[in-house]
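Everything on this sheet refers to the single structure shown next.
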């Protein structure tokens with residue numbers, strides 16, 4: 001339809017008239033009469049709740065869908081970090097710093113049900129016949145005994161540890177734990193590889209890098225958050241609503257065994273929706289336990305970069321020597337071990353799930369399983385963990401029907417003491433547990449799409465065809481997850497500025513330079529909010545005279 | 001805000017400075033009052049001396065509850081009048097293999113390994129090589145460790161500062177490869193061989209000895225050490241090649257470049273107790289790091305890298321011999337043989353050392369033997385290339401030799 005102004009009238013001469021008087025419009029080429037007068041039912045878009053909270057929920061949902069639709073693992077993990085230039089304000093959880101009374105909180109933030117009877121799942125009873133198990137244990141018992149006796153008695157560590165370090169129980173325990181784990185793992189792999197083919201191709205990593213990042217909802221807001229919201233009229237009624245927390249876990253396993261296929265599940269996904277699997281509520285600020293926050297990019301790394309063939313965890317060994325320096329008054333050894341194994345297992349499985357294309361916003365379509373051993377060389381505790389869900393953000397932390405499940409045994413002593421060059425009171429039950437963990441063979445999940453949210457041909461960045469984009473993503477992903485400090489510090493309001501510039505305006509004539517003086521919230525700066533890399537004239541692809549001044553960026 | 005940062009954002013310094021400038025310009029008027037008073041016989045005393053008379057206080061020595069580093073002079077508890085020449089983990093012999101030969105009275109067979117080991121090195125099947133390739137990919141490409149790598153330097157423009165990279169250090173790569181290769185050897189070998197071997201991580205040997213009236217002490221840290229229940233059989237009779245001449249380094253002395261110090265502790269260290277089943281050092285795995293440099297800043301030669309492995313193998317063999325036959329042993333009842341694998345995560349160098357005697361005086365008499373290969377590359381390239389993990393030019397020779405070393409008895 002053509003619109004044409006015939007007469008133009010200045011609007012200021014028409015104060016008394018309707019504001020539409022500005023143009024007089026005549027429509028041309030309008031048919032005098034339409035041939036068909038079909039009455040179609042009008043198609044309206046769905047009516048959406050336009051309240052603030054609902055609009056914000058939809059924004060986040062769209063972001064989660066965007067992450068789901070990305071084709072490669074690295075880009076998905078990258079995308080989670082794009083909203084923050086200086087990283088997320090994350091709750092830092094280090095494996096060997098377990099606060100007092102933190103088991104409930106660990107269960108709540110991982111939505112894990114802890115099986116109380118201190119036993120492993122019944123699946124292990126059917127795994128190996130008792131005769132077969134006894135036979136294997138008898139075969140390797142003397143080797144294990146000799147190797148452990150060697151580490152405790154014959155091995156001299158002068159020259160490696162100094163005199164002061166020999167008095168440090170923590171250091172001695174962690175050294176012994178590592179040495180014993182290496183010996184036991186070596187003996188079991190060598191003896192069982194002929195019987196179990198999955199052990200032949202397993203990848204063993206020592207001291208690997210274990211990191212996981214997830215978002216938890218349902219945490220009570222802090223006083224400051226409440227006050228901030230109360231000061232904004234449209235947020236006032238949401239002042240007491242629970243908030244989300246970003247959690248960054250960092251672990252240090254002694255050793256990890258990885259397989260090409262996942263382990264068999266203990267319970268089905270539908271069984272995990274059983275309400276009898278209770279999860280305690282712990283909505284207090286995690287800082288009440290002693291944790292603290294740091295600004296950093298969220299990283300999920302199960303010990304290897306995406307692209308390795310053995311991407312499913314089978315077994316991981318962890319160290320519990322921190323118990324020696326834990327105050328005796330706490331008297332919570334079992335709780336501490338449960339917390340450690342629960343968090344370590346969840347973090348490892350979550351980061352593996354991320355490599356399958358899932359994330360803390362996109363839930364699993366099949367369960368993942370791992371086994372964890374925590375030891376100081378003498379005392380061993382065994383746990384099995386099944387990851388059924390990864391989504392615990394916002395109100396999912398309470399409404400998600402699925403629960404993760406953790407089974408853990410009591411700490412068992414492998415031997416009572418070392419006397420006259422021999423181990424006294426060797427406990428074969430511990431060896432039985434270890435053997436059954438190694439004998440638990442991974443299986444290919446037939447008929448299940450293992451990577452539903454990844455591309456068909458593009459799973460990882462290395463599969464991308466465009467060389468420039470591929471190289472850029474590989475380089476910048478590794479730079480991001482290295483969490484290298486930025487060249488310039490994150491801008492902040494210094495104490496002297498708060499006193500002399502905000503609270504008492506003592507410097508009114510000064511030039512305004514700081515971002516906060518222009519109402520810019522630097523905490524909201526996005527990762528891609530920077531000047532791109534400059535291409536020197538000599539290196540420009542179109543020659544020195546070309547206008548292509550800035551290099552491309554490929555932020556997902 | 002950094003606590004270390006000193007801030008003068010809000011201060012009155014300008015005012016105070018100006019005040020001092022103004023006051024500094026004032027000239028005091030000379031009143032001659034002191035002279036006048038003295039004329040009248042009145043003694044003039046400084047007011048400060050009357051108000052704050054000087055008090056002499058005693059100096060009290062307080063013993064601090066923490067340990068302080070003793071001064072590095074002749075009051076040091078480890079001070080000895082006799083100088084000791086030491087060789088540690090980050091040092092190199094200036095003159096390379098010829099110096100090592102003279103110092104350790106060793107006959108060197110370069111670019112060859114003993115026949116027995118060559119016979120053990122057999123071609124591996126395709127399946128085994130596939131496992132080795134996978135081990136290399138996991139250790140050198142897919143390991144997600146990120147540590148600060150050594151600074152890069154371009155000799156053509158030494159002032160240019162490269163961006164500091166993060167990634168896998170040579171030490172991490174070597175340790176990864178070693179443990180994966182040893183696991184494969186465990187699997188492929190006979191169970192009796194497996195039971196006779198034990199793997200030790202992070203161990204240190206230290207061996208003091210005398211040569212031509214000088215005192216020496218060699219220490220060496222091994223990332224991985226293979227020990228065995230039975231000692232390795234000697235590869236040559238110890239009386240062989242008695243009349244072969246050692247290289248001549250004149251006018252250099254064989255101790256040139258070694259660290260000379262009066263502060264030292266004489267220690268005989270060996271990581272395994274004398275009563276243990278797995279007493280005998282079998283193979284040592286050492287890492288050659290980029291941080292190991294010449295004091296003179298001259299580029300490190302291949303010859304020096306080989307000599308480093310020779311010294312380390314000697315130190316291990318000598319401390320093993322002392323553990324087996326007593327610390328004062330000079331003429332060994334039987335030779336002690338040790339194998340050594342040196343690597344930086346890319347190339348591997350193999351060495352076999354047969355210690356026949358610890359009497360290192362002069363150049364005559366029984367000599368020790370050493371066989372070495374040159375550096376053999378495990379691959380041409382392993383890492384990310386334009387965003388893709390690439391492993392090029394895999395060389396199966398390396399694993400063949402490691403397997404032969406493992407099975408040698």
Residue A:538 is checked against (1) in a loop (DSSP other than H, G, I, E, B); (2) away from chain B (no Cβ under 14 Å); (3) over 30 Å from residue B:168 (Cβ atoms) and fails just one. What number does that condition carry?
(1)
Just name the residue that is nearest to the chain's Cα centre (by Cα) out of those in the range A:134-158 that are without any contact (Cβ under 8 Å) to a residue 24 or more places away in the chain and not in a helix (DSSP H, G or I).
A:157
Within 27 Å of the chain's Cα centre (by Cα), touching a residue at least 60 places away in the same chain (Cβ under 8 Å) and either part of a strand (DSSP E or B) or more than 22 Å from residue B:123 (Cβ to Cβ) (or both): is that true of residue B:336 in this structure?
yes
Close pairs (7 angstrom Cβ cut-off, 6 or more residues apart or separate chains): free of Cβ contacts under 8 Å to residues at least 40 places away in the same chain in the range A:529-556, assigned to a loop (DSSP other than H, G, I, E, B) and exposed (fewer than 10 other Cβ atoms within 10 Å of the Cβ) anywhere:
A:537/A:544; A:538/A:544; A:548/A:541; A:548/A:542
Do you know which residues across the range B:120-142 are out of contact with any helix residue (DSSP H, G or I) (no Cβ under 8 Å at 6 or more places or on another chain) and more than 14 Å from chain A (Cβ to nearest Cβ)?
B:126
First in the range B:190-202 and more than 7 Å from every other protein chain (Cβ to nearest Cβ) and at negative phi, second anywhere and assigned to a helix (DSSP H, G or I) and surrounded by fewer than 18 Cβ atoms within 10 Å (Cβ to Cβ), Cβ under 8 Å, 6 or more apart:
B:193/B:407
Has the range A:161-168 got any residue that is more than 10 Å from chain B (Cβ to nearest Cβ), at pLDDT 95 or above and touching a strand residue (DSSP E or B) at 6+ places or on another chain (Cβ under 9 Å)?
no
Picking from A:394, A:383, the residue that is touching a strand residue (DSSP E or B) at 6+ places or on another chain (Cβ under 6 Å) and at pLDDT below 95 would be A:394
Taking the criterion of being crowded, with 16+ Cβ neighbours inside 10 Å, closer than 27 Å to residue B:274 by Cα, within 14 Å of chain A (Cβ to nearest Cβ) and touching a strand residue (DSSP E or B) at 6+ places or on another chain (Cβ under 9 Å), would at least one residue in the range B:234-241 satisfy it?
no
Only one of A:180, A:216 that is crowded, with 21+ Cβ neighbours inside 10 Å, touching a strand residue (DSSP E or B) at 6+ places or on another chain (Cβ under 8 Å) and over 23 Å from residue A:253 (Cα atoms):
A:216
State the number of residues belonging to the range B:122-157 that are closer than 17 Å to residue B:394 by Cα, surrounded by 14 or more Cβ atoms within 10 Å (Cβ to Cβ) and touching a residue at least 12 places away in the same chain (Cβ under 8 Å).
14
Report, by residue number, each residue of the range A:514-533 that is touching a strand residue (DSSP E or B) at 6+ places or on another chain (Cβ under 9 Å), more than 27 Å from residue A:495 (Cα to Cα) and surrounded by 10 or more Cβ atoms within 10 Å (Cβ to Cβ).
A:532, A:533
Could you grab me the full set of residues in the range A:91-105 that are part of a helix (DSSP H, G or I) and more than 19 Å from residue A:329 (Cβ to Cβ)?
A:104, A:105
Could you please find all residues in the range B:8-40 being modelled with pLDDT of 90 or more, within 60 Å of the chain's Cα centre (by Cα) and exposed (fewer than 10 other Cβ atoms within 10 Å of the Cβ)?
B:21
Test for residue B:174: is it buried (at least 17 other Cβ atoms within 10 Å of the Cβ) and more than 10 Å from chain A (Cβ to nearest Cβ)
yes
Could you run through the range A:134-144 and say how many residues are within 12 Å of chain B (Cβ to nearest Cβ) and either farther than 23 Å from residue A:424 by Cα or surrounded by fewer than 18 Cβ atoms within 10 Å (Cβ to Cβ) (or both)?
2
Buried (at least 19 other Cβ atoms within 10 Å of the Cβ), modelled with pLDDT under 95 and within 9 Å of chain B (Cβ to nearest Cβ): does that describe residue A:154?
yes
Counting only residues that are in contact with a helix residue (DSSP H, G or I) (Cβ under 8 Å, 6 or more places away or on another chain), surrounded by fewer than 22 Cβ atoms within 10 Å (Cβ to Cβ) and either within 14 Å of chain B (Cβ to nearest Cβ) or assigned to a loop (DSSP other than H, G, I, E, B) (or both), how many does the range A:313-327 have?
1
Would you check if there is a residue in the range A:198-217 being more than 22 Å from residue A:352 (Cβ to Cβ) and touching a residue at least 60 places away in the same chain (Cβ under 8 Å)?
yes
Of all residues being buried (at least 23 other Cβ atoms within 10 Å of the Cβ) and without any contact (Cβ under 8 Å) to a residue 60 or more places away in the chain in the range A:359-382, which is nearest to residue A:313 (Cα to Cα)? Just the residue, please.
A:372
Kindly indicate whether residue B:235 is modelled with pLDDT of 90 or more and assigned to a loop (DSSP other than H, G, I, E, B).
yes
Hits in the range A:113-133 - residues which are surrounded by 15 or more Cβ atoms within 10 Å (Cβ to Cβ) and assigned to a helix (DSSP H, G or I)
A:123, A:124, A:127, A:133
Of the residues A:261, A:266, which single one is under 28 Å from the mean Cα position of the chain (by Cα), touching a residue at least 12 places away in the same chain (Cβ under 8 Å) and either buried (at least 18 other Cβ atoms within 10 Å of the Cβ) or within 14 Å of chain B (Cβ to nearest Cβ) (or both)?
A:266
Residue in the range A:209-229 that is over 26 Å from residue A:105 (Cβ atoms) and more than 9 Å from every other protein chain (Cβ to nearest Cβ) present:
no
Report whether or not residue B:266 is more than 14 Å from chain A (Cβ to nearest Cβ) and either in contact (Cβ under 8 Å) with a residue 12 or more places away in the chain or part of a strand (DSSP E or B) (or both).
no
Which of the strands (runs of 3 or more DSSP E) found entirely inside the range A:401-507 contain at least 1 residues meeting this: more than 30 Å from residue A:154 (Cβ to Cβ) and within 14 Å of another protein chain (Cβ to nearest Cβ)?
none
Does the range B:353-382 hold any residues that are more than 27 Å from residue B:325 (Cα to Cα) and either more than 14 Å from every other protein chain (Cβ to nearest Cβ) or exposed (fewer than 15 other Cβ atoms within 10 Å of the Cβ) (or both), and which are they?
B:373, B:374, B:375, B:376, B:377, B:378, B:379, B:380, B:381
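The values are calculated or read from the model by the stated rules, or taken from the named source; none is laboratory data. Only a predicted model underlies this, so the values are computations on that prediction, with no experimental measurement involved. Ideal geometry is used to build each Cβ from the backbone, glycine not excepted, and the neighbour counts take in all protein chains shown.
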